[in-house]
Structures are given as C-alpha cells and as structure tokens.
C-alpha cells in the first residue's frame, strides 16, 4: 500500500511516497513551497503588467501575500474568489483594504492572468508517480501550518489556545492528526487541503496535521531516552515539546523563529533552559510576540533532539534514516501507524 505524504512549509514542500519496507528506497522530492511557487507566478504577472484573477482554495500565505502587495503597489489589479482571498487574512474586509476585489466563482476577466491557489498541486506529483510506475496512493497525509479561522481575534492567540485545549482534553501527539471527517471547522486551510485531494481522488483516505506536530513526531524516532525535549526550528515558527515514550505532551511552547534568532545562540539556550524549569509562562511568550506556552508537568529531560531548517544549538539533530529533510514525513507515518491499522517501521 502506498501512502502519499507531503510536509508543506514556508520554504519547501517535502514529498515522500511510502511504498516499500526499506524507506530509503522510496520516492521523494524536495520542492519549493506552494506559496513560493505562487509568489513567483504573481511576480511574473507584475513584470508583464497584467491584472490577476485568483481562484481555488485557502492556502499558506507569507511569500504569496507579499507578492500580492507588491503587485498592488505597482498599480495593478487583483481579483480573488472568496476561498482564495482567505489566504491573505481571515477577515475579508482586511483583504479588501489591501486593495483586492472579492468576486464570485463564475467571475471572468479578459486579459488577466489566472492563478489557482492550493497547497497540494497534483500536477507536480502525479506525473512523477506515474512515470516511475509507482502504485496510486491509498492514503494521503498532509502537514500544513493552520492558524485557525479567527476573523475577530488575533490568530496568534487563537492558534495556541486551540493547542492548549487539545492538550488538556487528550495530550497525545496522535490527537493532532486528523482524519478528514475529524478536522475542526475552524481549520479552513486543512479543510481546503482535503477538498483539493478529494477532487482528484474521491475515494481518498485523507489525514492532515499541523507541520509543527509532524516535526515533533519525526524527532521522536531519533530519541533513545524519554522524557525528551523535541524542538523544531522552522522558517516561521519554533516549537518545543517535552514528551514521554508514548507521545504524551508534558509541556509545549511555540514562538516565532525570527524573534528567537535575534537573541543569538546563548539567548535561545537560556529560553529553552527556563522553559524546561517551568519558568516560561504563556503570558511571557505572548508579550514577546510569540504564540504561547503550556506546562502540565516539569520533569527531568533525558535527551534533547531538534530538527528544522534553522536548527541551532548543541543539541542532537534528528536524522532517523539519513535525510534531515523528511523528518516531518516520517513523523506523519509514525502517527498514522499509531492511529490506524497501517504498519510502519524503519528498517
């Protein structure tokens, strides 16, 4: 059975098709992130002095949002369907304030460049899968960073409150892996991912997870002694979780990577040490323009393992099969095996 896994970050999208027991021989690709690809298309339209029509789904913002602002600043027009427009802000009035015109799905515009927004583009992956004579996937596991739909409240605050609620209700990493019919209604980006996949394959079995928890689950595969602190230094967010051998989360923080990086290595290490001692509160992180912190229990950590494109510090680098770029994909497979009858092991 083939499992399609895709870990979508700000910088790259990391693809792994799990289809053989020896995972090192499986099909994999590291590609620019969907938002970077869309940003490049927008920048090309700006150079050509062409208006834009954005269709499709809610996807990750960042680079493509900056490209839209640049396009508008150049005196060009941007039209967007509602789902696509929600890529840039949860409140459509804020999108309109940017200068974007919200249009109906049947809206057409002559001489405009049309761009489809979506996190999962099968035009990239299916030809490769077919040309390599790989079997069609039966399961799809996708990781995206979803702040949650929060038009009236800071999604920075809203996102971590969601995490905290789940931690208090369950606390295991598996609770953050959602089957398509389990996704909370406020995760509109995750729901768009499911819609995109089911449009391609209506019989698909789809699971989604936030990128930060995929990374944490991947780090678990390289831990020898628990409880352990698992760190992911992403391009946008840095997250740390103290977990036991069963994936139960004892404490958690999420901050913005660029803010932590400004402190330097020593400042980051001090922050992590204070967190492990239970001295970092939710208010501390919020006041520092981060997302938050949750401490259920302070324990003696036996090991610290990290991953991510901005990994820094004298900690062990997660590398369970010799490829640091697919740690998140391995984490997704690991959680899928714990949640379903799917069997996954690293040989």
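What follows draws every value from the coordinates through simple rules; no lab data is involved. Since the model is a prediction, treat every value here as computed from it, not as a measurement. Here the Cβ positions follow ideal geometry from the backbone for every residue, glycine too, while neighbour counts run over all protein chains shown.
At 0.36 nm per residue, minus the direct Cα-Cα distance, what do residue 245 and residue 108 gain on full extension? Give it in nm, one decimal, please.
43.9 nm
What does the extension gain come out to for residue 98 and residue 123, with contour length at 0.36 nm per residue minus their alpha carbon separation?
The residue 98-residue 123 span can extend by a further 6.0 nm.
Starting from the Cα of residue 338, move 7 Å in the Cα-to-Cβ direction to define the label point; list residues of segment 179-200 whose amide nitrogen is under 16 Å from there.
179
Using alpha carbons only, how many angstrom separate the centre of segment 309-335 from the centre of segment 168-213?
Between the Cα centre of segment 309-335 and that of segment 168-213, the gap is 22 Å.
Picking from 323, 244, 210, which is most flexible by a Gaussian network model of the chain using Cα springs under 10 Å?
Among 323, 244, 210, the largest mean-square fluctuation in the Gaussian network model of the chain belongs to 323.
Among 108, 334, 51, whose mean-square fluctuation peaks in a Gaussian network model of the chain (Cα, cutoff 10 Å)?
Judging by the Gaussian network model, the answer is 108.
By how many nm would the segment from residue 170 to residue 200 grow when fully extended, if each residue of separation counts as 0.36 nm and the alpha-carbon distance is taken off?
Going from the current span to full extension adds 7.5 nm.
Tally the DSSP beta bridges in the chain and give the antiparallel ones as a percent, rounded to 5.
Approximately 50 percent, going by the DSSP bridge assignments.
Go ahead and estimate [θ] at 222 nm for the chain from helices alone: -39,500 (n - 2.57) per DSSP H run with n ≥ 4, summed, over the residue count, rounded to 500.
-10500 deg cm²/dmol
Rounded to the nearest 0.05, what FRET efficiency do residue 74 and residue 157 give with R0 = 25 Å and r taken as the Cβ-Cβ distance? Could you check?
0.15
Relative contact order for segment 224-317: what is it in percent, counting Cα pairs under 8 Å that are at least 6 residues apart?
Relative contact order, segment 224-317: 36 percent.
Based on alpha-carbon centroids, what's the gap between segment 32-109 and segment 278-300 in Å, whole number please?
Segment 32-109 and segment 278-300 have Cα centres separated by 35 Å.
Among 61-69, 39-47, how do they line up from the highest to the lowest mean number of other beta-carbon atoms within 10 Å?
61-69, 39-47
Using alpha-carbon pairs under 8 Å, 6+ residues apart, how would you state the relative contact order of the chain in percent?
The normalised contact order for the chain reaches 18 percent.
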